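A.B. asks: What follows is a structure written as C-alpha cells; I'll ask about it next.
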Amino acid sequence: MPLAKPFVLGNWKMNGLRADGEALALRIIEQQRRGERGGTLGICPPATLLAPLAALLDGSGILLGGQDCAPAPAGAFTGDIGAPMLADIGCRLVIVGHSERRHGHGEDDRLVRAKAAAGHAAGLLVVLCVGETEPEREAGATIDVLDRQLAGSLPEDATAENLVVAYEPVWAIGTGRTPSVADIASAHAHMRARLGALVDGGSALRLLYGGSVKPANAGQIMAIPDVDGVLVGGASLDAGQFDAIYSAGQRAAA
Ligand code: PGA
C-alpha cells in the first residue's frame, strides 16, 4: 500500500461507545475533507466500532485498522478476532505487538510474528510495535531490545509495502514523557539500518514513533529524518488534537 508521509495513525484502545466513537470519526472525516492535505491518516477504533466506522469512513481516504488480530484465521478461539474478519469488515491495516499486548497480555515475539504473518495473509498492512521498558532503558539495553524484537517478530514475508514499524518506548506510552529528539533519532536510524539488513529493501520501511505524542511535540518528532509518522493513543481521542498533530506532520514534511 503506498503510504504518503506523514503517516498519522490513531489508536483509540478500549475507548468509545457507539455514539461518541461515531461522532469522533465524523469530526476527523470533516477535518480531513476541509484540509485536503497529503500524507496518510488512519484510525484503529475498538473492534466493536469497526463495522459502523467502516461505513462512515468509506470514500474518505482515511484508513481503518484493527488493534490486534489472532494468529489463526478462524476457529475455536473464544474472544479472538481473525485478520480475515478485519479485512472483511473494511480494515486496511492491523497493529500487532503493541506493548499493552506484549506486556499486558504476555505476548512474546513468536506470537507477535505469527499475528503479523496472519495480517499479511489477509492482505492487511501490519503495524509492528517494538520498544523498551524503563528498566531496559536504564540498563542501556534499548538497542539490544529493538534488535531482539525486530529479529523475533518480523514476519518472513515483510516488505516496505506491507509492514510499518512503530518504535514505542513502553515508559513513554500514556505517561506524558517522551525520549529526547536525539534518542528518537538514534533509535530510528538504528532500526532503519537493521531493517535494511533483515528485509530485502527494508531500509524503505515506514517508521513511526509512538508514546505521548501531542500537538506540542508532534512537529519536532516528525521533523526527525527517519520518523515517517506517529502512532497516537490518548491525543487521538480528541479530534482537535489529532488534527493538530496531523497538521504539524504536514509542516514537518514540507
Ligand atoms: P499514547 O499511546 O499516545 O497515549 O502515549 C501511544 C500508543 O500506545 O500507541
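The values are calculated or read from the model by the stated rules, or taken from the named source; none is laboratory data. Keep in mind it's a predicted model, so treat the numbers as computed, not measured. Heads up, the Cβs are rebuilt from the backbone with ideal geometry, glycines too, and the neighbour counts pull from every protein chain shown. The area values use the complete protein model at the heavy-atom level, side chains included, leaving out ligands, DNA and RNA. Shrake-Rupley method; radii C 1.70, N 1.55, O 1.52, S 1.80 Å.
A.B. asks: Packing-wise, with mean Cβ within 10 Å as the measure, how do 120-131, 211-222 rank, highest first?
C.D. replies: Sorting 120-131, 211-222 by mean packing, highest first, produces 120-131, 211-222.
A.B. asks: I need the peptides 225-237, 136-148 ranked by packing, meaning the mean over residues of other C-beta atoms within 10 angstrom, with the highest value on top. Provide the component values of the computation, followed by the final result.
C.D. replies: Numbers: 225-237: 22.5, 136-148: 15.3.
The packing order, highest mean first, is 225-237, 136-148.
A.B. asks: Considering only protein heavy atoms, with the full assembly of protein chains and a 1.4 angstrom probe, order Trp12, Trp171 by accessible area, largest first.
C.D. replies: On the way: Trp12 5, Trp171 25 Å².
If we order Trp12, Trp171 from most to least accessible, we get Trp171, Trp12.
A.B. asks: Quick one: check the C-alpha center-to-center distance for region 186-214 versus region 7-59, whole angstrom.
C.D. replies: Region 186-214 and region 7-59 have Cα centres spaced 26 Å from each other.
A.B. asks: When the helix-only estimate is applied to the chain (DSSP H runs of n ≥ 4, each -39,500 (n - 2.57), divided by the residue count), what is the mean residue ellipticity at 222 nm, nearest 500 deg cm²/dmol?
C.D. replies: So the helix-based figure for the chain works out to -13000 deg cm²/dmol.
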